[in-house]
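Every number here is computed from the coordinates shown, using simple stated rules; none is lab data. In this text the structure is predicted, and so the values were computed from the model without any measurement. Using ideal geometry, Cβ is built from the backbone for each residue, glycine included, and neighbour counts are taken over all protein chains shown.
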Amino acid sequence: MDYGVITFSSTYGAIYAQKVLKEVAPIQVMPVLREISLGCGIAVRFRPEDLERVAAALAASTLKPEEYAFYAVTGRGDHLTARPIPDGAASTGSAI
Amino acid sequence: MSYVVDAKGKPCPTPVILAKQAMAEGHDPFTVLVDNPTAVENLKRLAGNQGFTAAVREADGVYAVDFAKGEGCTACEAAVSSPLPAAGGDWAVFVGRDIIGDGDRELGANLMRMFFYTLAQGEDKPGAVLFMNAGVKLPTLDEQVVDHLKALHEAGVEILVCGTCLNFYSLAEQLKVGTVSNMYDIVTRMQKAGKVITL
């Protein structure tokens, strides 16, 4: 993947997650990709090498697993693909 | 000895206005004295736009900006005084605040970062992004917006930041990207743009 994206079921979750994650890895806020959802929402972008750290930090936070989802993004423009990273990303991160 | 304009202690844009007066009165060469780097930058740009050269001398916190008419023909002067062709599109973004919209500050800050993320990623880029008032907190203090502005700048987008506003918020030393600018340049970019989007 070129970069990872986390989407959230609520805006509050997205804002809270930034506070948690900026302590563990460099992140950026971005709009949720059209490829993932037609809705508008706040997503967090992170570097592939930070996947395990980011997943572990969210797992340890007060957010519930069903309140967020991880995606691996590759390519851009018309060639962009976003693939869901299954639950337990923290343990399977190295397989991505 | 050439004509001297003493603009020490004068707030922006007074030094620029006084220098323009000196030009209009036909003084050449002439020298403008100011006491802050922002005024120096503004005067240098004025010189560039008006076909003058500007040499800067500094002593004990006082800057002397020496204006002299460049070796020029009318055509070069016209070329110099015309606005820079924008590398980006024929439109500009005016950012007068540090969040998007009214309401929750944190949501507004996120929306602003997402705006610049999207702008930097897209193909259709503006010719200029103009920052005033609390908007100047973005190219100074917001790490993510700074990253996006650097990418935009590298793509040829002009980033102009109000010097008066930087001074007001004591952020002049913390500008990470863009050019310290003034009302003249910012208004000119607005007037020349096909459209201005205000945030």
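A few remarks follow.
- Mean projection area, nm², convex hull over Cα of the protein assembly as shown: 18.9 nm²
- Dividing the summed helix terms, -39500 (n - 2.57) for each DSSP H run of n ≥ 4, by the number of residues in chain A produces a 222 nm estimate of -6500 deg cm²/dmol to the nearest 500.
- Mean separation of Cα contacts under 8 Å, 6 or more apart, over the residue count of chain B: relative contact order %: 19 percent
- Convex hull volume of the Cα atoms of chain B, normalised per residue: 125 Å³.
- Crossing angle, helix B:37-50 versus chain B [Cα axis fit, 0-90 degrees, rounded to tens]: 70 degrees
- Local charge for B:Asn42 was computed over the other residues whose Cβ lies under 15 Å away, with Lys and Arg +1 and Asp and Glu -1, and equals +3.
- With respect to chain B, whose longest principal axis is taken over its alpha-carbon atoms, helix B:183-192 is tilted by about 70°.
- Using the rule -39500 (n - 2.57) for each DSSP H run of four or more residues, divided by the residues of chain B, the 222 nm mean residue ellipticity is -12000 deg cm²/dmol.
- Partner shielding of B:111-122 amounts to 3, given as the average count of beta-carbon atoms from other chains within 10 Å of each residue beta-carbon.
- Based on C-alpha pairs under 8 angstrom that are at least 6 apart in sequence, the range B:1-70 has a relative contact order of 33 percent.
- Karplus-derived HN-Hα couplings along the range B:152-164 (A = 6.51, B = -1.76, C = 1.60, θ = phi - 60°), whole Hz, x at Gly and Pro: 5, 4, 5, 7, x, 7, 6, 10, 10, 10, 4, x, 4
- Positive minus negative residues near A:Leu21 (Lys, Arg vs Asp, Glu; Cβ under 12 Å): +3
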